[in-house]
Amino acid sequence: MLFWPIIAPLLVLFFKAGFYSSLFIFFIIPSLYLSIINRRVLKRLVLFSVIFLPITIAIDYIMEFTQGWHVSSITESYRIFGYASLENVVWAFVFIYFVVAFYETFLHDHIHPKIYYPQIKYLILLVFILSSIFLLELVIDPILLNINYFYLKFGLLLFIPPIIFILWKAPHIWRKLIKTELYFFFLFFGYELTALNLNQWAFPVKDQLLGFITIGRVRFPYEEFIFWILLSAMAIVSYFEIFDDDGR
């Protein structure tokens, strides 16, 4: 596990893996390992990961619609609502699952783990409200979803608040957040570089993004670095602690 952020990119580049093969190497292999050694929380982590899928579809739809990003799909002829890719839905599930499985296995332990905590209903309600707003705008007029700088806006709205809240509510947890992020920073950074090298996704329209970081032949937006590579693992753990854990 410690060296997986180094091993995974090398394997993907060596085999010139496609989207699903890369996903399998980066996320599914370590997730399966964590599921075996920590089976008692398997159902809970699956439930938590599934909850985010509707909002994932909404985000991917708007980003594809505005051309802020484009995920290469093996099912280009079938995209959810015409834009959102099935690949991104699968990616979101295994990404979230791996983060919380890592956190539960190595940084947080329960004497009596539960399948779910009562406050999870508030997360389900939040996702339901946001997804309903998306569907309503989609039905009324899809042009309403042509939101400029959407990556920046949804990043500020969905990634920053849970981190601030959990640090305010349980300030002692900051060490666990930092340890989680340090691991996933290197994993996500390697994943980003290999995916761009292998044309698994791209960022077509410059004026939807703040700017780009260029490394060799690849480039990715500042938003990608800040919200996904740097903050996403901490945000997922924060949601997990707020809605589906004990804040310890």
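The values are calculated or read from the model by the stated rules, or taken from the named source; none is laboratory data. Bear in mind the structure is a predicted one, so any value in this text is a computation, not a measurement. Note that we place each Cβ from the backbone using ideal geometry, even for glycine, and neighbour counts take in every protein chain shown.
For this structure, a couple of remarks:
- Thr75 being touching a helix residue (DSSP H, G or I) at 6+ places or on another chain (Cβ under 7 Å), of a type in the set (S, T, N, Q) and either assigned to a helix (DSSP H, G or I) or farther than 30 Å from Phe220 by Cα (or both): no
- Residues that are more than 14 Å from Glu64 (Cα to Cα) and more than 14 Å from the chain's Cα centre (by Cα), drawn from the range 75-99: Thr75, Ser77
- One residue alone among Pro118, Pro204 is under 28 Å from Ile74 (Cβ atoms), out of contact with any Lys or Arg (no Cβ under 9 Å at 6 or more places or on another chain) and surrounded by fewer than 17 Cβ atoms within 10 Å (Cβ to Cβ), and that residue is Pro204.
- Total residues in the range 130-182, condition over 18 Å from Ile80 (Cβ atoms), assigned to a helix (DSSP H, G or I), touching a helix residue (DSSP H, G or I) at 6+ places or on another chain (Cβ under 7 Å) and of a type in the set (Phe, Trp, Tyr): 3
- Among the residues making up the range 12-59, a single one is without any contact (Cβ under 8 Å) to a residue 24 or more places away in the chain, touching a helix residue (DSSP H, G or I) at 6+ places or on another chain (Cβ under 6 Å) and over 18 Å from Asn199 (Cβ atoms): Leu42.
- Close contacts from the range 135-162, counting a first residue that is touching a residue at least 24 places away in the same chain (Cβ under 8 Å) and surrounded by fewer than 14 Cβ atoms within 10 Å (Cβ to Cβ) and a second that is among the charged types (D, E, K, R) and in a helix (DSSP H, G or I), with Cβ to Cβ under 9 Å and a gap of 6+ residues or different chains, come to Asn148/Asp207.
- Members of the range 164-196 found to be surrounded by 21 or more Cβ atoms within 10 Å (Cβ to Cβ), among the aliphatic types (A, V, I, L, M) and under 23 Å from Ile7 (Cβ atoms), listed by number: Leu187, Ala195
- Positions within the range 82-119 being of a type outside the set (Lys, Arg), closer than 18 Å to Lys43 by Cα and modelled with pLDDT under 90, in sequence order: His108, Asp109, His110, Ile111, His112, Pro113, Ile115, Tyr116, Tyr117, Pro118, Gln119
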